[in-house]
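Participant: Could you have a look at this structure, given as structure tokens, before my questions?
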Amino acid sequence: MPLKVLFVSSEVFPLIKTGGLADVSGSLPSALKSLGVDIRILIPGYSAVLNQLNDLQYIASIHNLPVIGDAELLLGTIAGSLIKVIVIKSASLYERDGGPYSDVKGNEWQDNPIRFGILSKVAALLSGSETPIKDWQPKIVHCNDWQTGLTPAYMKLVENTKAKSIISIHNMAFQGCYSPDFVSTLGLPEAGFTIEGFEYHGQLSFLKAGIFYAAAITTVSPRYAKEIQTAAFGFGLEGLLAKRGDEIKGILNGIETDEWNPETDPYLIKNYSASKIAGKKQVKSALQQQCGLNIDADAPLLGVVSRLTHQKGLDMLLPNMQRLLDAGCQFVLLGGGEAALEIAFQAIATQNPGRASVTIGYNEPLSHQIMAGCDMFVMPSRFEPCGLNQLYGLAYGTPPIVNATGGLADSVIDTNPASIKNKTANGFVMVEASADGLLACITRALDVFRNDAKTWQKIQKNGMSQNLSWDKSALEYLALYQTLMQTI
Ligand code: ADP
């Protein structure tokens with residue numbers, strides 16, 4: 001019998017997305033399904049989810065949930081996918097204007113601990129003896145990030161299930177810490193509110209609950225698995241993580257090659273590939289035109305698509321911007337986040353018409369066009385659990401310029417004589433995480449781009465010919481599931 005796995009996530013592309021978690025949740029389950037896993041996704045019934053799923057039908061009711069009492073479970077499919085999606089329908093919790101975590105103005109929903117506490121609770125219920133879905137019961141519950149962190153706690157302490165839980169950490173910076181009042185509100189046992197449980201400095205920590213109670217822990221890159229066991233990257237949970245260090249497995253994310261492929265990408269004016277890379281020039285000039293930049297094939301075009309937060313390190317780019325533009329570079333940015341960064345980048349665009357373009361907001365087509373049309377992709381993150389954009393850059397022949405951390409370090413091989421010789425060079429890695437370090441790294445990239453077209457093409461082709469799909473990583477998840485099954 002195929003192994004039944006419930007994949008629990010607060011965002012899934014293309015239904016709802018704020019970042020890389022959605023990309024992973026939209027593509028890893030399909031890769032696992034093609035390996036024979038009977039996998040279903042569990043997601044809150046946000047309006048965007050209800051509106052986009054096909055063949056949505058009622059399958060069960062749940063009663064006696066904390067705070068809300070009743071909810072319905074619906075089953076649907078994502079257009080173009082065979083994956084079944086279980087949806088928690090609760091209008092009062094999930095059907096609102098705005099994003100999954102905040103309202104249209106960006107203010108976090110005050111009842112997030114309830115909204116994601118219920119998501120966690122329902123996931124645990126589905127794996128237990130009281131499940132409302134009798135004909136499909138998972139043996140593995142695969143949780144993702146703090147929003148699902150209470151699931152392993154509910155499974156172990158409340159539902160007493162035989163199924164095994166995994167928590168995948170996509171970002172330690174977000175932990176879901178709330179008032180201790182929510183312990184009783186959410187029906188968690190007070191006994192778990194200790195340092196050996198889900199208490200974190202007097203608060204209820206969703207992520208700590210996941211890390212403490214899950215049968216297995218994964219991170220989205222091997223390097224990040226090690227980094228989070230240190231004070232610099234553990235966000236206060238490094239002690240617990242180090243204790244469970246031997247059980248933390250780092251599995252590098254893959255990319256959805258149907259979505260992110262320059263040969264087939266419908267958002268590009270011209271498709272191209274490693275063997276027909278000339279088409280990329282047309283995409284570049286279309287991007288320059290669309291963004292109001294001077295049409296100039298020779299000007300090195302630097303791109304950024306990113307949340308604008310401290311994590312992403314783009315403040316290290318700011319002091320270098322004018323110098324780079326004055327040296328003949330062009331710049332295009334798509335992103336949104338902290339007001340100070342938005343304002344600073346917008347000012348650069350205003351002061352440099354024809355040379356810099358800044359779009360604040362979320363725009364899926366433009367993100368593909370930037371990835372394809374730019375010459376290099378800048379991603380100087382201070383920490384990066386995996387990062388998907390540098391992988392998209394590799395696939396699109398847009399060498400990434402990155403800081404040496406997390407998944408960036410695991411996927412980008414710096415260009416130097418040795419890596420050129422052994423055909424692994426695929427980008428540029430900063431030696432020092434500072435504005436000067438970033439400038440030095442960009443300068444090295446510009447030197448190759450301007451003065452050594454042959455090597456530049458080699459770097460592009462090395463990245464484009466890599467297998468960046470989920471093939472290998474999905475097998476690693478499957479192996480982990482199978483190991484856990486042996487302990488049931
Ligand atoms: P994170 O999850 O930390 O934001 P990742 O690199 O793992 O970073 O994933 C970011 C994902 O979100 C990528 O698919 C990227 O293209 C997308 N993205 C980020 N900002 C925007 C934006 N403003 N418009 C469109 N897509 C965006």
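Participant: Grab the helices (runs of 4 or more DSSP H) fully contained in segment 378-473, keeping just those with 3 or more residues being within 14 Å of the ligand (Cβ to nearest atom).
Facilitator: By residue number, 389-395, 406-411.
Participant: For segment 353-397, give me the residue count where each residue is in contact with a Gly (Cβ under 9 Å, 6 or more places away or on another chain), of a type in the set (Ser, Thr, Tyr) and more than 17 Å from residue 466 (Cβ to Cβ).
Facilitator: Of the residues in that region, 4 qualify.
Participant: Working carefully through the options 370, 295, find the one that is touching a helix residue (DSSP H, G or I) at 6+ places or on another chain (Cβ under 7 Å) and buried (at least 21 other Cβ atoms within 10 Å of the Cβ).
Facilitator: Result of the check over 370, 295: 370.
Participant: Something else: Given (1) under 25 Å from residue 64 (Cβ atoms); (2) in contact (Cβ under 8 Å) with a residue 24 or more places away in the chain; (3) not in a helix (DSSP H, G or I), identify the lone condition not met by residue 134.
Facilitator: Exception for residue 134: condition (2).
Participant: Within the group 447, 410, which residue is buried (at least 16 other Cβ atoms within 10 Å of the Cβ), farther than 30 Å from residue 163 by Cβ, modelled with pLDDT of 95 or more and acidic (Asp, Glu)?
Facilitator: 410
Participant: Here's another thing I want to ask about it. What number goes with the only condition from (1) surrounded by fewer than 24 Cβ atoms within 10 Å (Cβ to Cβ); (2) on the phi < 0 side of the Ramachandran plot that residue 423 does not pass?
Facilitator: Of everything listed in (1) surrounded by fewer than 24 Cβ atoms within 10 Å (Cβ to Cβ); (2) on the phi < 0 side of the Ramachandran plot, residue 423 misses just condition (2).
Participant: Can you pull out the residues in segment 247-268 that are at pLDDT below 95 and closer than 22 Å to residue 206 by Cα?
Facilitator: Across segment 247-268, the qualifying residue is only 247.
Participant: Condition (residue is touching a strand residue (DSSP E or B) at 6+ places or on another chain (Cβ under 7 Å) and part of a helix (DSSP H, G or I)) applied to segment 239-248: is it met by at least one residue?
Facilitator: yes
Participant: Does residue 19 satisfy being within 16 Å of the ligand (Cβ to nearest atom), over 17 Å from residue 258 (Cα atoms) and assigned by TED's automatic domain parsing to the domain that holds residue 159?
Facilitator: yes
Participant: Ok, one more. Taking only segment 241-268 into account, find how many residues are under 17 Å from residue 365 (Cα atoms) and surrounded by fewer than 16 Cβ atoms within 10 Å (Cβ to Cβ).
Facilitator: So the answer is 5.
Participant: Scanning for something within 30 Å of residue 387 (Cβ to Cβ) and either buried (at least 23 other Cβ atoms within 10 Å of the Cβ) or within 16 Å of the ligand (Cβ to nearest atom) (or both), does segment 47-54 turn up at least one residue?
Facilitator: The answer is yes; a qualifying residue exists.
Participant: Another one. Just checking, how many residues over segment 170-209 are of a type in the set (A, V, I, L, M), closer than 21 Å to residue 111 by Cα, away from the ligand (no atom under 16 Å from the Cβ) and not in a loop (DSSP other than H, G, I, E, B)?
Facilitator: Counting residues in segment 170-209 that are of a type in the set (A, V, I, L, M), closer than 21 Å to residue 111 by Cα, away from the ligand (no atom under 16 Å from the Cβ) and not in a loop (DSSP other than H, G, I, E, B) gives 3.
Participant: So, in segment 123-170, how many residues would count as being at pLDDT 95 or above and at positive phi?
Facilitator: Residues in segment 123-170 being at pLDDT 95 or above and at positive phi: 1 in total.
Participant: I would also like to ask the following. Could you tell me whether any residue of segment 99-114 is assigned by TED's automatic domain parsing to the domain that holds residue 25, aliphatic (A, V, I, L, M) and buried (at least 17 other Cβ atoms within 10 Å of the Cβ)?
Facilitator: So far as segment 99-114 goes, yes, one or more of its residues are assigned by TED's automatic domain parsing to the domain that holds residue 25, aliphatic (A, V, I, L, M) and buried (at least 17 other Cβ atoms within 10 Å of the Cβ).
Participant: Residues to consider are 475, 408, 391; find the one that is in contact (Cβ under 8 Å) with a residue 40 or more places away in the chain and assigned by TED's automatic domain parsing to the domain that holds residue 329.
Facilitator: 391
Participant: Residues that are assigned by TED's automatic domain parsing to the domain that holds residue 168, over 23 Å from residue 166 (Cα atoms), surrounded by 15 or more Cβ atoms within 10 Å (Cβ to Cβ) and away from the ligand (no atom under 16 Å from the Cβ): does segment 26-41 have at least one?
Facilitator: no
The values are calculated or read from the model by the stated rules, or taken from the named source; none is laboratory data. From a predicted model like this one, the values you see are computed outputs, not experimental measurements. Note that we place each Cβ from the backbone using ideal geometry, even for glycine, and neighbour counts take in every protein chain shown.
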